[in-house]
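Below is one structure; the comments refer to it alone.
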Amino acid sequence: MWLLPFLAQVSSLAVRTFYRLTVAGKQVPPEGPVLIVANHPNSLVDPAAVAAVAGRPVRFLAKAPLFTDAAVGWLVRGSGAIPVYRHADNPAEVGKNEDTFRAVHQALADGAAVGIFPEGVSHSEPSLVPLKTGAARIALGAAAILGGSFPVVAVGLTFRKKQQFRSEALVMVGKPVEWDDLAGRGMDDREAVDLLTERIDRALHRVTLNLERWEDQPLVETAEAVYAAEFPVDPSPVARVARLRETADGLARLRSKERGGWEQVASAVSSHARALRVLRMTPVELKASVGKVEAGKWVARQLGVLRALIPIAIVGIIIFYIPYRATGFAEARARPPQDIRATFKTLVGAVLHAVWTIVLAVAVWWRWGWKYGLAALVVLPVLAWVTLWTVDMWNRARGEARRFYLRARRAEAIEDLRIRQRALAERLAALWETVKA
């Protein structure tokens, strides 16, 4: 378990490097026993994301084959994970799960944080799959040892494009599940296990976005964004996920009840989304009206920072071009499944960049001496982070500059689209009232 004390820091570095990460909601209890339950859309990236927001060592349950896997076994064992023996992996070893339960119960009794993915499998479905009962059984068994309930916390993982480097990721921590009334009933009480599993399922649904099908995602996201741009709303990530969840639920209800009118609104939302994609604008950016003076000040501020950083970033891009491209090449050749692609890129990319950094540091050492080699070993990772941050900043600045230009040169078309967006938001509001009724 050599990695466990550093798991939160290492996980945070890995996840925040691959994604533009936002953390929202409550806080995982910083001490004492806690069972963290999370959805599982993204293979080994998921425990890294959970560990990053937990801010404390977390022992995860992982399927037994991972412990002997040539590629990731060292990582799974080093992180202090606890093996789970699934029937699908090896029916002959299922009986070993008694040892698993004892190990987890002891870890919680010792005040540890334990993480589990109750869906039981990593997947690329548009919504949660039915939960297994393992999380409830673990909680009820540990409660018998601890003498009562302890925090069971749901963590929702939402990735915009989970396989894409520097895409958006949201990790939302929910309120602890209420289960004091069940804590004394034990893990062999089937009714208590089912009731607690249902409560865990509800808690996970509150912190995740669940769709009937992936094709609904752009429709749901655009509808929420249009409404949020035109009406006063809470801008926090937690409130946004709640609105997305309500929008997805509303769409499902309208379909199931076959109420007329929603297809036309959905078509209008899709049409509006296409127009925004052409302009490379979001509904909020379309709504915004920025004056020339304010725009000029914004551009000047961005240029002032970028003027100093771009030369550094260019050096970083040149130095790290080979391992960056090699990571993409390796992923293209391996063609891992959708829910493993981010894990593959993260692990392979980390290894290739680390090896490349060491090779460059050794080359500097050989050419100029050990002091310069040691300095290179420290400076190169910092250069990589500065490059990453500068590229993100450059992309944002370039996008904003383009939007300023469009507002100035195509003012009439932009204004017409604004009027259409307001009307669409009002249609969405009226439709939502119909859903609630």
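The values are calculated or read from the model by the stated rules, or taken from the named source; none is laboratory data. If you're wondering where the values come from, they're calculated on a predicted model, not measured in any experiment. Glycine also receives a Cβ, built like all others from the backbone with ideal geometry; neighbour counts cover every protein chain displayed. Quick note on the areas: whole protein, heavy atoms, side chains included, nothing else; ligands and nucleic acids left out. Shrake-Rupley method; radii C 1.70, N 1.55, O 1.52, S 1.80 Å.
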Beta bridges per DSSP with both ends in the chain, % antiparallel, nearest 5 | 25
For the chain, with a Gaussian network of springs between Cα atoms less than 10 Å apart, report the residue from Trp370, Trp394, Trp385 with the top mean-square fluctuation.
-> Trp370
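If you roll a 1.4 Å probe over the chain with all protein chains in place, what percent of the accessible area is carbon or sulfur?
Ligands and nucleic acids excluded, carbon and sulfur give 60 percent.
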Lys pairs, the chain - Cα-Cα below 14 angstrom, 8 or more residues apart or on other chains = 6
Determine the per residue accessible area of the chain with all protein chains present and a 1.4 angstrom probe, expressed in square angstrom.
-> 53
Using the scaling law 2.2 N^0.38 Å as the reference, what is the normalised Cα Rg of the chain?
-> 1.12
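Under 14 Å from the Cβ of Asn395, count the other residues' Cβ atoms, weight Lys and Arg +1, Asp and Glu -1, and hand me the total.
Surrounding charge for Asn395 is +4.
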What list of ³J(HN,Hα) couplings, whole Hz, do you get for the range 395-404 from phi and the Karplus terms 6.51, -1.76, 1.60, once you set θ to phi - 60° and write x for glycine and proline?
-> 5, 5, 5, 5, x, 5, 4, 5, 5, 4
What shape does the range 126-232 have by the C-alpha gyration tensor, where a ≥ b ≥ c are the square roots of the eigenvalues, rounded means a/c under 1.5, and otherwise prolate means a/b greater than b/c and oblate the rest?
-> prolate
Report Thr208's accessible area, 1.4 Å probe, all protein chains in place, as a number in Å² to the nearest 10.
-> 0
